[in-house]
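**Student:** Please read through the structure below; I'll follow up with questions.
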Amino acid sequence: LLLIITYLNGKNIIHRDIKPDNIMINESGYITLIDFNTCREIKDLSSTLAGTPHYMAPEILLGKGYGLSVDYWSIGVLCFSLYFGYLPFGNGLNDPIEIYKDIIRGKISYPIQDEVSEFISNLIKKNVWERMCNFELIKRTRMFEKFNWNEFIDLKLKPLFIPKPRI
């Protein structure tokens, strides 16, 4: 997902709706990002309210303009929910306004402190200038220090899960 977003962002395209529903596992066991309806090419900043409430970055909600960093926020929220089993903001809430309030005012609590929670916390920084939005920096975090990016990029790593086609 980081590689996909790095590619899109390199072309000044933001996805703005990264969430579990928009991620598929292909026949090789690698993920594919889908649903590009909210994508947009940006030159400076965007101000359109777009995305799924639980995964929206605070700068989208504040209406002051936002850039490519919103996709990294969404990846952080996605990683948080996959790792801890619940959403960091608006967990259990359905009303978008209440979710937005929690994203803007709420505080994150990490059940454990490890390299995964450290990685996630670098992505879910409310201050966009503190958020880790650089793939080269992300690759150097403790979370990925032993990960072989070259084998992954060359599709030489064996995925942990390969879906079986339904007939």
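Bear in mind these aren't lab numbers, they're just calculated from the coordinates by the rules spelled out. All values reported here derive from a predicted model rather than from experimental measurement. Note that we place each Cβ from the backbone using ideal geometry, even for glycine, and neighbour counts take in every protein chain shown.
**Student:** Give, rounded to the nearest 20 debye, the magnitude of the charge dipole that the chain has about its Cα centre when Lys and Arg contribute +1 at Cβ and Asp and Glu contribute -1 at Cβ.
**Tutor:** Computed charge dipole of the chain: roughly 80 debye.
**Student:** Rounded to the nearest 500, what is the chain's calculated 222 nm mean residue ellipticity when only DSSP H runs of at least 4 contribute -39500 (n - 2.57) each, over all residues?
**Tutor:** -9500 deg cm²/dmol
**Student:** Then there's this: Straight-line reach only, C-alpha to C-alpha below 16 angstrom: list the aspartates and glutamates that residue 11 could link to, leaving out same-chain residues fewer than 8 apart.
**Tutor:** Filter leaves 41, 44, 71.
**Student:** Using a Cα-Cα cut-off of under 22 Å, which lysines could be cross-linked to residue 146, ignoring same-chain neighbours fewer than 8 residues away?
**Tutor:** Hits, sequence-local ones excluded: 156, 158.
**Student:** Would you work out the charge dipole size for the range 59-130 about its Cα centre, treating the Cβ of every Lys and Arg as +1 and the Cβ of every Asp and Glu as -1, and quote it to the nearest 20 debye? Don't skip to the answer; put the middle values down first.
**Tutor:** Numbers: 6 positive and 9 negative charges, 55 e Å.
With only Lys, Arg, Asp and Glu charged at Cβ, the dipole is about 260 debye.
**Student:** By a straight-distance test (C-alpha under 17 Å), which lysines pair with residue 126 as possible cross-link partners, with residues fewer than eight away in the same chain excluded?
**Tutor:** 64, 101, 107
**Student:** Another question about this same structure. May I ask you to derive the relative contact order of the chain, considering only C-alpha pairs under 8 Å and at least 6 residues apart, and to give it as an integer percent?
**Tutor:** Details: 219 pairs, mean separation 38.5, N = 167.
Here the relative contact order equals 23 percent.
**Student:** Sort the chain into rounded, prolate or oblate with this rule: let a ≥ b ≥ c be the square roots of the eigenvalues of the Cα gyration tensor; rounded if a/c is under 1.5, and if a/c is not under 1.5, prolate when a/b is larger than b/c, oblate otherwise.
**Tutor:** Working: a/c = 1.43, a/b = 1.34, b/c = 1.07.
Note, shape of the chain comes out rounded.
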